[in-house]
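The structure under discussion appears below in the form of structure tokens.
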Amino acid sequence: MNFAWVGFEREINSDIIINILKEKFNLSHCYGYETSQLESWQNKLNLSNASKNPSVVFYEVTRNESEFPIVWEFVSFPDLHDWIRVDLVMAYYLSQSLNCKTITDGTGFGLDNSEYWDIVFDNEKVFLVDDLNTKFYGDGHNRLKVVKEMDLQKLIKKHC
């Protein structure tokens, strides 16, 4: 996967998140970066392309004023299998491990093909949400709108 992201409902110690990701996804290193520094990091570590070493991931933490104020964006994240969406597995697993709500990309689950769909994990519940005109997406002042509750087992079986 070339790009993945997970949002959190609250601030969580970065070391805790990194340790969970390393253990769950068998990663050797997780490097934080700012967009302007990524190329420098890759050169310093002798990685011309982050995806060439699947045990190394680069992340950037962004903030917003929504219900999910912290978002970790991964420039690349190793695939689990061609048909498994690692962002869904990551968001679900982090929600469970940290006992908090998480959010990730919901492309392919929405009522249309727009880019405004997300998936929220809240304990054993999962929801399709619309982020159009919201603080989270950055194009409005509204809160995320829950569209429907989804069946966690079907989501995990089908996509995780």
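The values are calculated or read from the model by the stated rules, or taken from the named source; none is laboratory data. These numbers come from a predicted model, not from an experiment. Cβ: placed from backbone, ideal geometry, glycine included. Neighbour counts: every protein chain shown. Heavy atoms of the whole protein, side chains included, go into the accessibility calculation; ligands, DNA and RNA do not. Shrake-Rupley method; radii C 1.70, N 1.55, O 1.52, S 1.80 Å.
Restricting the range 115-137 to residues that are in contact with an Asp or Glu (Cβ under 9 Å, 6 or more places away or on another chain), in a loop (DSSP other than H, G, I, E, B) and not basic (K, R), the residue that is least open to solvent (accessible area, probe 1.4 Å) is D131. Of everything listed in (1) modelled with pLDDT of 95 or more; (2) out of contact with any strand residue (DSSP E or B) (no Cβ under 9 Å at 6 or more places or on another chain); (3) not polar (S, T, N, Q), the single unmet condition for K101 is (2). Taken over the range 84-114, the criterion of being part of a loop (DSSP other than H, G, I, E, B) and in contact (Cβ under 8 Å) with a residue 60 or more places away in the chain is satisfied by I84, R85, C100, K101. One residue is enough: does the range 5-16 have a residue meeting the conditions in contact with a Cys (Cβ under 8 Å, 6 or more places away or on another chain), surrounded by 19 or more Cβ atoms within 10 Å (Cβ to Cβ) and modelled with pLDDT of 90 or more? Yes - at least one qualifying residue is present in the range 5-16. The number of residues in the range 17-28 being open to solvent by 30 Å² or more (accessible area, probe 1.4 Å), free of Cβ contacts under 8 Å to residues at least 60 places away in the same chain and assigned to a helix (DSSP H, G or I) comes to 3. Does Y31 qualify as being of a type in the set (F, W, Y), touching a Gly at 6+ places or on another chain (Cβ under 7 Å) and either at pLDDT 75 or above or buried (at least 17 other Cβ atoms within 10 Å of the Cβ) (or both)? No.
Filtering the range 74-114 to residues that are open to solvent by 50 Å² or more (accessible area, probe 1.4 Å) and under 23 Å from K22 (Cα atoms) leaves D79, L80, H81, D82, W83, Y92, Y93, Q96, S97, N99, K101. Annotation note: of W72, W83, the sole residue that is in contact with a helix residue (DSSP H, G or I) (Cβ under 9 Å, 6 or more places away or on another chain), at pLDDT 95 or above and over 21 Å from N133 (Cβ atoms) is W72.
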